[in-house]
1. Answer with yes or no whether GLY224 is within 27 Å of GLY455 (Cβ to Cβ), more than 9 Å from the ligand (Cβ to nearest atom), surrounded by fewer than 24 Cβ atoms within 10 Å (Cβ to Cβ) and in the same structural domain as GLY320 (by TED's automatic domain parsing).
2. If you go through the range 413-444, how many residues are under 24 Å from SER359 (Cβ atoms) and either acidic (Asp, Glu) or within 16 Å of the ligand (Cβ to nearest atom) (or both)?
3. Helices (runs of 4 or more DSSP H) wholly in the range 357-445 with at least 1 residues that are in contact with a Lys or Arg (Cβ under 8 Å, 6 or more places away or on another chain), buried (at least 16 other Cβ atoms within 10 Å of the Cβ) and not acidic (Asp, Glu) - which ones?
4. Is it the case that VAL168 is at pLDDT 95 or above and in contact with a Pro (Cβ under 7 Å, 6 or more places away or on another chain)?
5. Being touching a Lys or Arg at 6+ places or on another chain (Cβ under 7 Å) and surrounded by fewer than 17 Cβ atoms within 10 Å (Cβ to Cβ) is the filter here, so list the residues in the range 183-194 that pass it.
6. Residues that are under 30 Å from SER397 (Cα atoms), at least 2 per element: which strands (runs of 3 or more DSSP E) completely within the range 173-273 meet that?
7. Restricting attention to the range 35-76, report how many residues are surrounded by fewer than 19 Cβ atoms within 10 Å (Cβ to Cβ), farther than 16 Å from ALA301 by Cβ and under 34 Å from the mean Cα position of the chain (by Cα).
8. Using beta carbons and a limit of 6 Å, which pairs, at least six apart or on different chains, have the first residue in the range 510-528 and among the basic types (Lys, Arg) and the second one modelled with pLDDT under 95 and in a helix (DSSP H, G or I)?
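The values are calculated or read from the model by the stated rules, or taken from the named source; none is laboratory data. These figures come from a predicted structure and were not determined experimentally. Using ideal geometry, Cβ is built from the backbone for each residue, glycine included, and neighbour counts are taken over all protein chains shown.
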Amino acid sequence: MSTGVIKKVAGPLVIAEGMRDANMFDVVRVSEQRLIGEIIEMHGDEASIQVYEETSGLGPGEPVESMDVPMSVELGPGLIASIYDGIQRPLDDIMKISGNNLKRGVEVPSLKRNLKWEFVPTVKVGDEVETGDVIGTVQETVLVQQKIMVPYGIKGTIKEIKEGTFTVEDIVAVVETEKGEKELTMMQKWPVRRGRPYKKKLTPEMPLVTGQRVIDTFFPIAKGGVAAVPGPFGSGKTVIQHQLAKWAEADIVVYIGCGERGNEMTDVLNEFPELKDPKTGQPLMQRTVLIANTSDMPVAAREASIYTGITIAEYFRDMGYSVALMADSTSRWAEALREMSGRLEEMPGEEGYPAYLGSRLAQFYERAGHVVSLGKEGREGALSVIGAVSPPGGDTSEPVSQATLRIVKVFWGLDASLAYKRHFPAINWLKSYSLYLDDMEKWFNGQVAEDWMEGRQKMMTLLQEEAELEEIVKMVGMDALSPSDRLKMEAARSIREDFLHQNSFHEVDTYTSLKKQHMMMVLVNEFFDRATDALKDGASLQKLISMPVREQIGRFKYVTEDKLDEEFKQVDETLSAQIAAAFVKEEG
Ligand code: ADP
């Protein structure tokens, strides 16, 4: 163990000397109070330490001790339903020790040591195992079965395997390796700043279905993909995140909250545990891990929190699960990075952010992916990452937004002005994009309907044309539009109101299957196509746009899944009949 002494304290940054034997990213204990820190820079025998606790009162000469291990997380049963701080200390345990006001230097294990878990072995004595192989399972919560995997670097023959209830420190298996016997517990550790290894990364070609129409149909995220969402206040960001946590095809949700103000985090801590998993009726926490940077922790802890969160997420990905990670907000994380960079007296880049802002962000997002795990069987798991950005004043030309947009492949542009008009979800269809569309075309056309992409494109074109027509209307008025353009405006309005508007609080509308999204797409498109033809053939525009069937199309979002086919057929037939009626000459 290498020890040194404090030379200088600058807020969350402590410079220690006499640290020649320490390594980058080692965990250190600072001063007699044993504050937790991490070495983020080494110069000769001087270590720059990012301290994750309040450093007031610390001074030169106090001892610094390196633990000679990198900042790591504990992975094993007990993760799910936990609420951790940025360095994986369970909030309930630290509060038990120190009350609501965090005491400094509190040492608590991340995984509870007293809990016992039922371990069901899946291998037997004599079996050959290697890194990533599953040796047993633990039913961690009603919703999650944790797979206990052979830790990194171990390969050999099972010499002993147990069955029964154990704590995370009890030995459940012994592996005979080339380097001797290795005792395995249900817990393993992993350094947070290193991505967990996998066998291979697959092209993201399958969507992470969310049941949210504007996302799935227009701007889908791939399973294992990366998306960014800006979060102007009141734009419905919280509602979107809750909808994704509840409905996205993810077995596990990891939510990292880097809130600015203390109460933002309190909201998350109050709200998340209240959410219900709609598919099972169980609390959503039964498949969730929460990382919350409480306001009484210094900003430096935010910097660590996204690594803590993503490492936990990778661990579940390795089990073969679909994991959705949400980081809110990466702007707050970047501000922590900027503050540390300033303290380190590094050359500042744009707006004071360090020059490596972009590469750090990229390193984080790169840990997303659809992968084949290590191990003989190689499970397919996916880690999808959704990062919220909160640019000051909502101006996305600032460095964090710009750096993020260069990396992510999906952007859901939440727009305060749409929210103001009560258009929810307030995702701006003209500013948002998904670069996964090409990769996923085959999946959608093959798995949902062969005209999926074509239908999507038709709707998108109409929405774009609407925006152009609106400009004209502003200048010369609606009456100046040709009948066919008027019809376009009507069809686009129907796309917005009947398709894009989705009420998260409506029992049926809150989730739309892809099959239903396709039917809705067909109906709004068919209205436009058939009305356009009819118009050319001399039908009355007025009659076409006031067809009562349009009401029915608008209400299709409330049709329950079991009635889709019959209702679709009925609406489609009514549409044909009413189009035909639009040809009848008006009386008088
Ligand atoms: P933010 O977190 O961006 O400040 P919220 O997510 O709390 O905003 O949303 C603000 C309000 O907007 C909500 O209380 C709700 O009334 C409304 N809202 C947002 N999204 C939807 C939605 N999809 N359906 C219905 N109402 C919504």
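1. On the way: within 27 Å of GLY455 (Cβ to Cβ): yes; more than 9 Å from the ligand (Cβ to nearest atom): yes; surrounded by fewer than 24 Cβ atoms within 10 Å (Cβ to Cβ): no; in the same structural domain as GLY320 (by TED's automatic domain parsing): yes.
No: the conditions fail for GLY224.
2. Residues in the range 413-444 being under 24 Å from SER359 (Cβ atoms) and either acidic (Asp, Glu) or within 16 Å of the ligand (Cβ to nearest atom) (or both): 0 in total.
3. 357-365
4. yes
5. Within the range 183-194, the subset touching a Lys or Arg at 6+ places or on another chain (Cβ under 7 Å) is 190.
Across the range 183-194, there are no qualifying residues.
6. Numbers: elements: 173-177, 180-184, 188-191, 200-202, 226-230, 252-257.
The qualifying strands (runs of 3 or more DSSP E) are 226-230, 252-257.
7. 7
8. Taking only residues 6 or more apart or on different chains, not a single pair turns up.
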